[in-house]
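Down below is the structure, laid out as C-alpha cells.
Just so it is clear, none of the values below were taken in a lab; they were calculated from the coordinates. As the structure is a prediction and not an experimental result, all values here were calculated from the model. When we count neighbours, we look across all protein chains shown, and the Cβ atoms used for this are built from the backbone with ideal geometry, even at glycine.
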Amino acid sequence: MILCWACRLFQTRGAEEPLVSSPIEGTWGWEFVMPDSTIIHPTLRIQRNDTGEWEATTQFRSRTSLAITNLVTEGNHLKYTIVRESVGKQQRTEYRGIVVGDLLQGTIKSDWSGSQKEYPWVAKRNVNVEGQWKWTIPASPRSRASRLSASEDSDLNSNWIKMALALRRSGEKLYGKLRIARSSELEIRDGRFRDGMVSFRVERPRDGESATNIFKGRLVADRILGVMISQTHGRSRTNQWKATRTE
C-alpha cells in the first residue's frame, strides 16, 4: 500500500529546473610536505547550503574541521585564508586556485616557516559515489489523509516522505536499493556513474501497470544534485532531486 501512495507523491509537484552546481563544489584532498619533512593530507570541503550561500570547511592535521568564512569565488577560481595559532604565534596561509575538471591547481602562501613562502597546490576531487544517501519528498494532502487513517507511525504521518538509497559501484556500473519510507526495498536498474554523473531507474507495479522513476544527478561533495522523472499512465513529471550522504 505504501508503494501505491508513494507513486502518487512523485506526481504532486510541477516540473522544475535541475539544480545547478558550481565547478568548485566538492571534497578536495592533497598531499603536502611540511618544513620538518612531515607529510600531511589536508582536505577542503565546499558546497552551497539551501539558501545558496557557500559553506566551506578544512581539515589540516587533526580530524577537527575548521570553518572557512572568507571564501571568495569567481567562476572556477577561488581563494581563502586560514589563520592558525602555533607556539603562541599566528600563522597566516593564503590559498588560491582554479578548478579544471576534478583538479584544483594553484598556490599556497604561508609564513609558517618564519618567512613567507609560496608552494604549488594540486588537489583532487573525491568522486566516490558509494555509500548511503537520503532525501525527502513532499507528501500530497490526499496521501497524508489516507495514511493518517491507516497508521500512527510518525514516519508515515509527517508532511515529508523519507527516501534512503544504498549504492555500490563496479567500474561505471551502479548497483543498489531504494527504500521509500518503511516500504520494501526496490532494486535499482541501469545504474551508471560516469564523469561525476549518477543515473538509475526504479520500477514498481501500480494499478496493474508499471510505474517508473528515473534519477539523474551530479555528485557534488557529499550531495547528489539533479532531477527525478516520474513516468506512469503515459504521463511524465520532473522534480528536483537532492540527496545527502549519510555514510
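Check each of the GluC sites (Glu not before Pro) in segment 31-66 and keep only those in coil by DSSP with at most 11 other C-beta atoms within 10 angstrom; list them in order. Of the GluC sites (Glu not before Pro), the ones in loops of segment 31-66 whose Cβ has at most 11 other Cβ atoms within 10 Å are E31, E53. Along segment 96-112 the Karplus relation, 6.51 cos²θ - 1.76 cosθ + 1.60 evaluated at θ = phi - 60°, assigns HN-Hα couplings of 9, x, 10, 8, 10, x, 9, 10, 10, 10, x, 9, 10, 10, 8, 10, 5 Hz to successive residues, with x for each Gly and Pro. Hull volume per residue, based on the alpha-carbon atoms of segment 26-125 and their convex hull, is 106 Å³. The mean sequence distance of close C-alpha pairs (under 8 Å, at least 6 residues apart), as a share of the length of segment 22-130, puts its relative contact order at 21 percent.
Listed values for segment 127-137 are Karplus-derived 3J(HN,Hα) couplings in whole Hz (6.51 cos²θ - 1.76 cosθ + 1.60, θ = phi - 60°), namely 10, 7, 9, 5, x, 9, 10, 9, 6, 10, 10, and x replaces Gly and Pro.
The residue list G106, Q59, T73 was ranked by how far each Cα lies along the charge dipole of segment 26-125 toward its positive end, using unit charges on Cβ atoms, and Q59 comes out on top.
For segment 51-127 versus segment 183-230, the inter-centroid distance based on Cα atoms is 35 Å.
In order along segment 24-39, the phi-based Karplus estimate (6.51 cos²θ - 1.76 cosθ + 1.60, θ = phi - 60°) of 3J(HN,Hα) comes to 7, 5, x, 10, 10, x, 8, 10, 9, 9, 6, x, 8, 6, 5, 9 Hz; Gly and Pro are listed as x.
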